[in-house]
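Reviewing the structure listed below.
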Amino acid sequence: MAKSFKKSIGRNRMIVMALIVSLLTVTFGAWSITTIINGQVIDAIASTAILVLILALMIPMITRTARSVKKGEPLEDERSRMIKLKAAALSFYVGLYWLLGISFASDYMPGITISSAIGLGILGMAVSWGLSWYYYNKRT
Amino acid sequence: MKNKIRENRARLRMTQEELARRAGVRRETIIYLEKGKYNPSLELAMKVARILGVKVDELFALE
């Protein structure tokens with residue numbers, strides 16, 4: 001009973017993760033295509049790079065969750081919670097400097113629009129969380 | 001921190017997966033514990049010691 005309940009929670013989480021990845025892929029795919037058509041080189045490179053990073057970080061996470069659900073393992077334990085906490089703290093600092101850097105750099109980059117600068121800033125924070133998580137997961 | 005989880009687990013012919021299941025953690029956590037890369041909480045240390053049938057201070061030692 002408890003095991004099947006855990007499995008259903010795991011399946012639900014996987015569905016949510018897959019939905020998020022699909023939405024992000026569609027959004028950045030569309031952004032990437034639009035910028036390529038409009039000839040906005042910086043935006044095109046940025047959007048494609050973000051798309052690749054999102055897929056590179058999220059696909060291992062989804063497969064990891066799927067493996068755990070299949071084995072009936074808990075999706076979270078004290079170590080994974082600690083890693084998430086550490087990753088959040090590190091990415092907060094990295095994200096702040098990233099946003100600051102983007103806001104200064106955007107003044108000197110004529111090819112970048114305000115909306116894409118904001119988008120890059122927010123996505124940089126998300127990517128920094130993913131990279132921090134990867135770093136702590138390997139180290140701890 | 002050094003530990004003797006691997007030795008005690010081998011003594012009982014227990015797999016990492018079984019130990020993880022009984023301790024209520026992921027197998028990864030057991031792997032990192034055995035490698036000495038992760039220091040467990042007091043609760044997990046006591047759980048693992050109880051499962052392996054040893055005292056906590058026999059299982060973990062400061063380097």
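The values are calculated or read from the model by the stated rules, or taken from the named source; none is laboratory data. In this text, all values refer to a predicted model and were calculated from it rather than measured experimentally. Neighbour counts are summed over all protein chains in view; Cβ atoms, including those assigned to glycine, are modelled from backbone coordinates with ideal geometry. What goes into the accessible areas is simple: the full protein's heavy atoms, side chains included, and nothing from ligands, DNA or RNA. Shrake-Rupley method; radii C 1.70, N 1.55, O 1.52, S 1.80 Å.
Restricting the search to region A:112-133, which residues are more than 13 Å from residue A:43 (Cα to Cα) and among the hydroxyl-bearing types (Ser, Thr, Tyr)?
A:128, A:132
Please state which of the following conditions residue A:57 fails to meet, knowing it meets all the rest: (1) in contact (Cβ under 8 Å) with a residue 60 or more places away in the chain; (2) open to solvent by 40 Å² or more (accessible area, probe 1.4 Å); (3) within 23 Å of residue B:38 (Cβ to Cβ); (4) over 18 Å from the mean Cα position of the chain (by Cα).
It fails just one condition, (4).
Yes or no, residue by residue, for (1) open to solvent by less than 80 Å² (accessible area, probe 1.4 Å); (2) without any contact (Cβ under 8 Å) to a residue 24 or more places away in the chain:
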position: B:15; (1), (2): yes, yes
position: B:25; (1), (2): yes, yes
position: B:28; (1), (2): yes, yes
position: B:39; (1), (2): no, no
position: B:44; (1), (2): yes, yes
position: B:53; (1), (2): yes, no
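Identify the residue in region A:69-82 that is open to solvent by 40 Å² or more (accessible area, probe 1.4 Å), within 19 Å of residue B:33 (Cβ to Cβ) and free of Cβ contacts under 8 Å to residues at least 40 places away in the same chain and, among all such residues, is farthest from the other protein chains (Cβ to nearest Cβ).
A:81
Does residue A:66 meet the test of being open to solvent by less than 40 Å² (accessible area, probe 1.4 Å), without any contact (Cβ under 8 Å) to a residue 24 or more places away in the chain, more than 13 Å from chain B (Cβ to nearest Cβ) and touching a helix residue (DSSP H, G or I) at 6+ places or on another chain (Cβ under 8 Å)?
No.
Which condition number in (1) farther than 19 Å from residue A:123 by Cα; (2) not assigned by TED's automatic domain parsing to the domain that holds residue A:13 is the one that residue A:98 fails?
Of the numbered conditions (1) farther than 19 Å from residue A:123 by Cα; (2) not assigned by TED's automatic domain parsing to the domain that holds residue A:13, the odd one out for residue A:98 is (1).
Scan region A:95-111 for residues that are in contact (Cβ under 8 Å) with a residue 24 or more places away in the chain and crowded, with 19+ Cβ neighbours inside 10 Å and report the count.
Here the count works out to 2.
Could you list, ordered by first residue, the pairs with Cβ atoms under 8 Å in which the first is in region A:27-53 and open to solvent by 70 Å² or more (accessible area, probe 1.4 Å) and the second is modelled with pLDDT of 85 or more, at least 6 apart or interchain?
Listed pairs, sorted by first residue: none to list.
Tell me the residue from B:13, B:6, B:21 that is assigned to a helix (DSSP H, G or I) and farther than 21 Å from residue A:68 by Cβ, please.
It is B:6.
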